[in-house]
Amino acid sequence: MTEAAASAVLSELSERGWTLGIAESLTGGALCSEFVAVPGASTVLRGGVVAYATHIKASVLGVDADLLDESGPVCPRVALQMAEGVRKVMSAHGSAADVGVATTGIAGPGPAGGHPAGTVHIGVVTPKVSQVRSFAFAGDRASVRDQTIHAALSVMRDALAE
């Protein structure tokens, strides 16, 4: 099902002539992999950044270091700044990627940074909308990561519908 959803997102982006950059933390590249599995993804997908370590979110994606110090990496504003940052990182020919999506959260097995396992924030930035959706998923580490991928695809479809 995720390949069909990824294909639908890519088709919508292609119809608009928009490009995509992906920033991932807890999903560790799995979301980008869903898009890469779709034939022809290269016409839309510019690439992805796995920013698993907190300092990479700041140094590579441009997430505000003070925000990371105050809130930690599992924060809605961090997800939004990651999505904004990956658009810039995926610039080509002087133009940022049109759409950025980001995942951050706690996959488990236990809590971290004061957040229970399953806490997830997904940020999406397009030329028309900038939004974050937060989730509290249940299940083991693999299940939380899988649910995050499904949710990210859904959040992207919703953002593109606006």
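The values are calculated or read from the model by the stated rules, or taken from the named source; none is laboratory data. For clarity, every value in this text was computed on a predicted model and none was experimentally measured. Every residue, glycine as well, gets a Cβ built from its backbone with ideal geometry; the counts of neighbours run over all protein chains shown. Note: accessible area is taken over every heavy atom of the protein model, side chains too, but ligands, DNA and RNA are not part of it. Shrake-Rupley method; radii C 1.70, N 1.55, O 1.52, S 1.80 Å.
Surface calculation, 1.4 Å probe, protein heavy atoms: Lys128 sits at approximately 140 Å² accessible. Relative to the longest principal Cα axis of the chain, at what angle does helix 141-161 sit, 0 to 90 degrees, rounded to 10? Helix 141-161 sits roughly 40 degrees off the main axis of the chain. Backbone phi angles across the range 29-37, fed through the Karplus curve with coefficients 6.51, -1.76 and 1.60 (θ = phi - 60°), yield HN-Hα couplings of x, 5, 5, 4, 4, 4, 6, 4, 5 Hz in residue order; Gly and Pro are listed as x. Think of each Lys and Arg Cβ as +1 and each Asp and Glu Cβ as -1; about the Cα centre, that makes the dipole of the chain roughly 120 debye. Peptides 113-123, 17-27 ranked from most to least packed, by the mean per-residue count of other Cβ atoms within 10 Å: 17-27, 113-123.
Once both labels are positioned 7 Å from their Cα atoms along Cα-to-Cβ, the gap between Ser14 and Ser134 label points is 3.7 nm. Close amide H partners of Val49, meaning residues 5 or more places away or on another chain with modelled amide H under 5 Å apart, are Ile22, Ala23, Glu24.
Compared with the dominant principal axis of the Cα atoms in the chain, helix 76-89 is inclined by about 40°. Surface composition of the range 1-115: carbon plus sulfur atoms contribute 53% of the solvent-accessible area (1.4 Å probe, protein chains only, all chains present). Helical runs (DSSP H, four residues minimum) scored at -39500 (n - 2.57) apiece and divided by the length of the chain put the mean residue ellipticity at 222 nm at -13500 deg cm²/dmol. Each DSSP beta bridge with both residues in the range 1-108 is either parallel or antiparallel, and the antiparallel ones are about 10%. Amide H contacts of Thr27: none lie under 5 Å away among residues 5 or more positions distant or on a separate chain (H built 1.01 Å from N in the peptide plane; Pro and chain starts excluded).
For Ala117, the residues whose modelled amide H falls within less than 5 Å of its own, excluding neighbours fewer than 5 places apart on the same chain, are Ala112. Whole-Hz Karplus ³J(HN,Hα) for the range 13-24, in order, using 6.51 cos²θ - 1.76 cosθ + 1.60 and θ = phi - 60°, x for Gly and Pro? Taking θ as phi minus 60°, the curve returns 5, 4, 4, 8, x, 9, 10, 10, x, 10, 10, 10 Hz for the range 13-24. Stokes-Einstein, applied to the Kirkwood radius of the chain over Cα pairs at a viscosity of 1.567 mPa s and 4 °C, places its translational diffusion at 85 µm² s⁻¹.
Within the range 66-157, the proportion of C-alpha pairs whose separation exceeds 16 Å stands at 55%.
Per-residue 3J(HN,Hα) values for the range 97-113, derived from phi via the Karplus relation 6.51 cos²θ - 1.76 cosθ + 1.60 with θ = phi - 60°, read 4, 6, 10, x, 10, 9, 10, 8, x, 10, 7, x, x, x, x, 8, x Hz in sequence order (x marks Gly and Pro).
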